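The values are calculated or read from the model by the stated rules, or taken from the named source; none is laboratory data. Since we're looking at a predicted model, the values are computed, not measured. Every residue, glycine as well, gets a Cβ built from its backbone with ideal geometry; the counts of neighbours run over all protein chains shown. Quick note on the areas: whole protein, heavy atoms, side chains included, nothing else; ligands and nucleic acids left out. Shrake-Rupley method; radii C 1.70, N 1.55, O 1.52, S 1.80 Å.
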Amino acid sequence: MEEKKKGVDLGLRKFIKELGYMTGGAALLSTTPWLASCTPEKLAEIGNAKARVALIGTGSRGQYHIHNLRNIPHAELVALCDVYPANLEAAAALCPEAKCYTDYRRLLEDKSIDGVIIATPLHLHARITLDALAAGKHVFCEKAMARTLDDCKAVYEAYRNTDRALYFCMQRMYDEKYVKAVQLISSGLIGDVVGMRCHWFRNADWRREVPSPELERHINWRLYKEYSGGLMTELGSHQLEVCTWVAGKIPTRIAGFGDIVYWKDGREVYDSVNVTYQFADGRIISYESLISNKYNGMEEQILGHAGTVDLSKGVYYLEEDNLVSGMRQLLEQVKTGVFAAVPTAGPSWRPELRAKYVPHPVLEGKFSISDGESSVGFVADGSDVILSAFCQSCITGEKAKDVVEEAYCSTVLCLLGNQAMEEGRTLTFPEEYKIPYMKF
Amino acid sequence: MNSETEYIAEGRIFHGFVPHAMGTKLDLLAVGTEAAAAEALWTAFCAELSALEAALNRFDPRSEVARFNASESKAGFPLSPAVQRLLDLSREFWFRTEGLFDVTRGHGMDLEEAGATLDFGGIAKGYALALLRDRLAGTGIASAFVNFGDSAILGLGTHPYGDCWKVSLPNPYGGSQVAEFSLKDRALSVSGNTPGYTGHIIDPRTGRANVERKLVAVTGPDPLEAEVLSTALMLADKGQRLRLRRAFPDCESEIYTV
């Protein structure tokens, strides 16, 4: 019990509280309205209540969630479900008290379960989410939202018509360094946002070991189009979500190229993608992912006319840094009647050198960043916080604002990116997949 | 030479800015002046700075220094009065710094020696600051702040709301500031390496670049002395440092490991 008190929840409380202090509660909730449902005050209100949750899909990501659930005091994992015995056994070993199922529909019949956590292959997300909502469960589903555009729309419509809470694991929305950085961007730190560059590079085949050949497509589901949208849905969905979050808008035109460049091992999904999304105002999101070279790592760069924020690293760079802008400070001083030292002395200033950019952390003290190499998850990347928020919703019944909408937007953009690459043409955002949340 | 100016009528403050000069930029803030007088001073100074740069830029083959460096017979090369003046000053500083400040790039001011070439990069900005200081005095401007590329700074008189001009030195490697200086009729020169620009100070004795994470800051009434001393202290050993400080009694200096 002592152990649990040190877990996710204290982090969550501290996190939201500090953000509230920094920005004034109202400002916090205007840029991140989804945090309104999981404030420390609301968490305190639930007392010792526990959400009874079940996990559907007990592979590596599901087991990652089990570890996080252990640190959430208001969560109790009561059931597990998987069709693959090896994964189900591994998960059961982690929480022997949970009841095991091989058919999720049987699990959903258990009225004592408040919410389900879905960590299955992508093609099952929509069906299980819809069934679980219909069964009256609160739902936390892994990203992306669904395998097809129509499935996304169906999930979105179901969400509009349910009183149940629905979350998709858009963990960046609950990652302190992202929240703070987006606040800094909206406060004008980097001036006008003029473009975005996201990429995710790894050097690995993305394969899992297959004990027997007939399991290939099931275990390596990420590599086959029937189950997976490839790099776009598995990696791009997180990064594109960040872009729409920052922009507050959805791109109108999509074009790209992709192919299987290196891992020609029978897979169907591209191992190299490069998609350009253009907003109506002309700004561009440049998205790239390649899994046969990791030099560039994972980055989400928001480019402003006065600076750059690398969200994934939690740092920002200014086009005109203190070393450069001391004279501006001095001018401001003499105009406003202030006398103070200007930070302008230094070894000779030289123009237009990239190295002049000094990284500034968006948060005080130490914080974790992901190198993007793990295909399971990273410690303290927000996944634990969003899961805790979901468990809180299972108790309070309060929906998290905008999470489903953001997941819908990013997944649709991923799927449209795939379509643009496959068809080799520039797509215009289709009318039938627009939702009221979207601004263009 | 491109430049921008603005005049803040309230406070009678003139701001002149040259975005590109001698590989960096220059700002002048002159306090308590009429716009017309400051504009006239600025125009004249920009012309002088432009001519100086045209003469001293050793990377421009048309420049006087480049032509001198390329010439077969250096003794017979006719130097302009400005360059001759700089060369004379440099010879004096070479002597006072025990050879640590050497515009002949390791040839001991012997221009007849094979391979000897001139490089005024370590003195040109200080020289330009001295020219501007004299022009300001001639125009009767007692309070001004001049920043030539952050490394050569001049504070004349006082800030309009203070008793001097205050400048701080951030650590180029990140972190907190290294020092703060109060300038009143004093120049500040900073030498050192930065993460993006290391190894640009060459030891004339060895020909090797200094790559230490070190900053030298020198203040003094004369921007030329400050600039020469800050470069020399980058290269000096312990004994030389003591002697250099005695040789430049009007200057105060500090060496920071960063």
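Is there a residue being within 30 Å of A:Lys335 (Cβ to Cβ) and touching an Asp or Glu at 6+ places or on another chain (Cβ under 8 Å) anywhere in the range B:198-205? No. Selection of first residues in the range A:331-342 that are facing chain B (nearest Cβ under 7 Å) and of second residues that are buried (at least 20 other Cβ atoms within 10 Å of the Cβ) and assigned to a loop (DSSP other than H, G, I, E, B), restricted to Cβ pairs under 7 Å at least 6 apart or on distinct chains, gives the following pairs, ordered by first then second residue: A:Phe339/B:His159.
Residues in the range B:200-220 that are within 12 Å of chain A (Cβ to nearest Cβ) and among the aliphatic types (A, V, I, L, M): B:Ile201, B:Leu215, B:Val216, B:Ala217, B:Val218. In this structure, A:Glu157 does not qualify as within 23 Å of A:Leu77 (Cβ to Cβ), surrounded by fewer than 19 Cβ atoms within 10 Å (Cβ to Cβ) and not small (Gly, Ala, Ser). Listed by position, the strands (runs of 3 or more DSSP E) inside the range B:146-209 whose residues that are more than 20 Å from B:Ala232 (Cα to Cα) number at least 2 are B:152-156, B:165-170, B:177-183. When each of A:Leu77, A:Leu130 is tested for being open to solvent by 50 Å² or more (accessible area, probe 1.4 Å), under 24 Å from the mean Cα position of the chain (by Cα) and within 14 Å of A:Ile56 (Cα to Cα), the lone residue that passes is A:Leu130. Just one of the listed residues (B:Phe95, B:Phe77) is away from chain A (no Cβ under 14 Å), without any contact (Cβ under 8 Å) to a residue 24 or more places away in the chain and not in a loop (DSSP other than H, G, I, E, B), and it is B:Phe95.
Every residue in the range B:7-48 that is open to solvent by less than 40 Å² (accessible area, probe 1.4 Å), in contact with a strand residue (DSSP E or B) (Cβ under 6 Å, 6 or more places away or on another chain) and among the hydrophobic types (A, V, I, L, M, F, W, C), please. Hits for the range B:7-48 are B:Ile13, B:Phe14, B:Val18, B:Leu26, B:Leu28, B:Leu29, B:Ala30, B:Val31, B:Ala35, B:Ala38, B:Trp42. Of the candidates A:Arg147, A:Arg197, A:Arg164, A:Arg207, the single residue that is in the same structural domain as A:Asn418 (by TED's automatic domain parsing) and surrounded by 16 or more Cβ atoms within 10 Å (Cβ to Cβ) is A:Arg197.
When the range B:80-102 is filtered for residues that are over 28 Å from B:Glu4 (Cα atoms) and open to solvent by 40 Å² or more (accessible area, probe 1.4 Å), the ones remaining, listed by number, are B:Pro81, B:Gln84, B:Arg85, B:Asp88, B:Arg91, B:Glu92, B:Trp94, B:Phe95, B:Arg96, B:Glu98. Would you say A:Lys137 is open to solvent by less than 20 Å² (accessible area, probe 1.4 Å) and charged (D, E, K, R)? So A:Lys137 passes the test. The residue list B:Thr24, B:Thr43 contains one member that is under 17 Å from B:Asp119 (Cα atoms) and polar (S, T, N, Q), which is B:Thr24. All of (1) away from every other protein chain (no Cβ under 14 Å); (2) modelled with pLDDT of 75 or more hold for A:Gly346 with one exception: (1). Just to be sure before I move on: is A:Glu142 open to solvent by 20 Å² or more (accessible area, probe 1.4 Å), at pLDDT 95 or above and of a type in the set (D, E, K, R) in the structure I sent? In short, no.
Scanning the range B:137-181 for residues that are more than 9 Å from every other protein chain (Cβ to nearest Cβ) and under 17 Å from the mean Cα position of the chain (by Cα) gives B:Ala144, B:Val146, B:Leu154, B:Gly155, B:Leu156. Test B:Glu6 against the criterion of being among the charged types (D, E, K, R) and outside any helix (DSSP H, G or I), and give yes or no. Considered against the rule, which asks whether it is among the charged types (D, E, K, R) and outside any helix (DSSP H, G or I), B:Glu6 comes out as yes. Tell me, yes or no, whether the range B:182-199 has at least one residue that is of a type in the set (Val, Ile, Thr), free of Cβ contacts under 8 Å to residues at least 40 places away in the same chain and either buried (at least 20 other Cβ atoms within 10 Å of the Cβ) or at the interface with another protein chain (Cβ under 10 Å from one of its Cβ atoms) (or both). So far as the range B:182-199 goes, yes, one or more of its residues are of a type in the set (Val, Ile, Thr), free of Cβ contacts under 8 Å to residues at least 40 places away in the same chain and either buried (at least 20 other Cβ atoms within 10 Å of the Cβ) or at the interface with another protein chain (Cβ under 10 Å from one of its Cβ atoms) (or both).
Conditions tested, residue by residue: (1) over 16 Å from B:Val218 (Cα atoms); (2) outside any loop (DSSP other than H, G, I, E, B); (3) open to solvent by less than 10 Å² (accessible area, probe 1.4 Å).
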residue: B:Gly106; (1), (2), (3): yes, no, no
residue: B:Asp110; (1), (2), (3): yes, no, no
residue: B:Ala114; (1), (2), (3): yes, no, no
residue: B:Leu118; (1), (2), (3): yes, no, yes
residue: B:Gly121; (1), (2), (3): yes, no, no
residue: B:Leu129; (1), (2), (3): no, yes, yes
residue: B:Ala137; (1), (2), (3): yes, yes, no
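Here A:Tyr21 meets each of (1) at pLDDT below 95; (2) among the hydroxyl-bearing types (Ser, Thr, Tyr); (3) touching a helix residue (DSSP H, G or I) at 6+ places or on another chain (Cβ under 6 Å) with one exception, condition (3). Across the range A:109-127, the qualifying residues are those that are hydrophobic (A, V, I, L, M, F, W, C) and within 26 Å of A:Arg217 (Cα to Cα), and the one among them that is surrounded by the fewest Cβ atoms within 10 Å (Cβ to Cβ) is A:Leu124.
Of the residues making up the range A:61-74, those that are open to solvent by 20 Å² or more (accessible area, probe 1.4 Å) and closer than 17 Å to A:Lys50 by Cα are A:His67, A:Asn68, A:Arg70, A:Asn71, A:Pro73.
Within the range B:29-45, does at least one residue satisfy the condition of being in contact (Cβ under 8 Å) with a residue 12 or more places away in the chain, away from chain A (no Cβ under 13 Å) and under 16 Å from the mean Cα position of the chain (by Cα)? Checked against the condition, which is being in contact (Cβ under 8 Å) with a residue 12 or more places away in the chain, away from chain A (no Cβ under 13 Å) and under 16 Å from the mean Cα position of the chain (by Cα), the range B:29-45 yields at least one hit.
Out of all the residues in the range A:237-294, which are among the charged types (D, E, K, R) and within 23 Å of A:Pro430 (Cβ to Cβ)? Across the range A:237-294, the qualifying residues are A:Glu241, A:Lys249, A:Arg253, A:Asp281, A:Arg283. The one condition from (1) open to solvent by less than 50 Å² (accessible area, probe 1.4 Å); (2) away from chain B (no Cβ under 11 Å); (3) modelled with pLDDT under 95 that A:Ser272 does not meet is (3). The residues on offer are B:Ala209, B:Ala152, and the sole one that is closer than 21 Å to A:Met327 by Cα, aliphatic (A, V, I, L, M) and either surrounded by fewer than 17 Cβ atoms within 10 Å (Cβ to Cβ) or touching a residue at least 40 places away in the same chain (Cβ under 8 Å) (or both) is B:Ala152.
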